């Protein structure tokens with residue numbers, strides 16, 4: 001059975017460059033045999049959080065939330081492609097994730113960060129580790145940090161230059177780590193109901 005992985009991306013900027021990394025991750029995971037879908041916060045354009053999905057009476061949540069809740073519950077794992085805004089997280093992606101809680105539980109998550117600078121968004125990735133852990137996900141230890149993003153991937157998401165070569169070297173181990181935890185979590189869910 002193919003791993004069902006949702007790749008989340010959260011920039012709303014007009015000239016966003018992180019989509020290159022999101023597209024790269026989707027392609028690489030698909031080539032490894034996963035069933036992958038990109039969830040783009042800008043495309044979904046959820047309202048600023050007023051009411052979480054679970055706070056709507058059954059059947060009354062907006063269609064976008066209902067559809068996304070089904071996808072999240074049906075996924076085996078998540079990959080978050082995170083940009084760094086002022087040493088912290090992107091508001092668009094944070095807003096999307098905050099609409100849900102129990103839907104995230106008991107699945108592994110991976111973080112691929114990026115920035116326009118040489119640190120590759122690592123400060124955002126550090127913040128996301130705590131956020132995703134609090135939301136019930138097991139965050140894998142392997143990470144990807146790409147920066148400067150414009151020097152690593154071209155507009156089509158193809159690796160270029162030394163930064164692109166580094167990404168290509170890092171990605172297999174990163175994906176192997178996510179696949180291992182995905183298989184472990186799936187096996188445990190089949191063996192026993194989650195404790196809550």
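The values are calculated or read from the model by the stated rules, or taken from the named source; none is laboratory data. Since we're looking at a predicted model, the values are computed, not measured. Using ideal geometry, Cβ is built from the backbone for each residue, glycine included, and neighbour counts are taken over all protein chains shown.
Quick check on the range 185-193. Is at least one of its residues at pLDDT 95 or above, outside any loop (DSSP other than H, G, I, E, B), surrounded by 20 or more Cβ atoms within 10 Å (Cβ to Cβ) and touching a strand residue (DSSP E or B) at 6+ places or on another chain (Cβ under 9 Å)? No, every residue in the range 185-193 fails to be at pLDDT 95 or above, outside any loop (DSSP other than H, G, I, E, B), surrounded by 20 or more Cβ atoms within 10 Å (Cβ to Cβ) and touching a strand residue (DSSP E or B) at 6+ places or on another chain (Cβ under 9 Å). For residue 136, the conditions (1) assigned to a loop (DSSP other than H, G, I, E, B); (2) modelled with pLDDT of 95 or more; (3) surrounded by fewer than 16 Cβ atoms within 10 Å (Cβ to Cβ) are fulfilled apart from (3).
Determine, yes or no, whether residue 69 is farther than 23 Å from residue 182 by Cβ, free of Cβ contacts under 8 Å to residues at least 40 places away in the same chain and touching a helix residue (DSSP H, G or I) at 6+ places or on another chain (Cβ under 9 Å). It is false that residue 69 is farther than 23 Å from residue 182 by Cβ, free of Cβ contacts under 8 Å to residues at least 40 places away in the same chain and touching a helix residue (DSSP H, G or I) at 6+ places or on another chain (Cβ under 9 Å).
In summary, residue 133 fulfils each of the numbered conditions (1) in contact with a strand residue (DSSP E or B) (Cβ under 9 Å, 6 or more places away or on another chain); (2) in contact (Cβ under 8 Å) with a residue 24 or more places away in the chain with the single exception of condition (2). Can you list residue pairs whose Cβ atoms sit under 7 Å apart, with the first residue in the range 162-186 being without any contact (Cβ under 8 Å) to a residue 40 or more places away in the chain and the second being outside any helix (DSSP H, G or I)? Count only pairs 6 or more apart in sequence or on different chains. From the range 162-186, the pairs are 163/146; 163/152; 164/152; 164/153; 165/159; 168/159; 170/144; 173/142. Examine the range 14-23 for a residue that is within 14 Å of residue 78 (Cα to Cα), in contact (Cβ under 8 Å) with a residue 60 or more places away in the chain and either in contact with a helix residue (DSSP H, G or I) (Cβ under 6 Å, 6 or more places away or on another chain) or surrounded by fewer than 22 Cβ atoms within 10 Å (Cβ to Cβ) (or both), and state whether such a residue exists. No: zero hits.
Per-residue answers, yes or no, for (1) modelled with pLDDT of 95 or more; (2) not in a helix (DSSP H, G or I):
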| position | (1), (2) |
| --- | --- |
| 5 | yes, yes |
| 15 | no, yes |
| 23 | yes, no |
| 27 | yes, no |
| 33 | yes, yes |
| 36 | yes, yes |
| 39 | yes, yes |
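Just a yes or no: is a residue in the range 77-95 farther than 17 Å from residue 21 by Cα and assigned to a loop (DSSP other than H, G, I, E, B)? Yes, that holds for at least one residue. If residue 125 satisfies all but one of (1) surrounded by 18 or more Cβ atoms within 10 Å (Cβ to Cβ); (2) touching a helix residue (DSSP H, G or I) at 6+ places or on another chain (Cβ under 9 Å), what's the number of the condition it fails? That leaves (2) as the condition not met. In the range 24-33, the qualifying residues are those that are in contact (Cβ under 8 Å) with a residue 40 or more places away in the chain and either within 20 Å of residue 71 (Cα to Cα) or in contact with a helix residue (DSSP H, G or I) (Cβ under 7 Å, 6 or more places away or on another chain) (or both), and the one that is surrounded by the fewest Cβ atoms within 10 Å (Cβ to Cβ) is 27.
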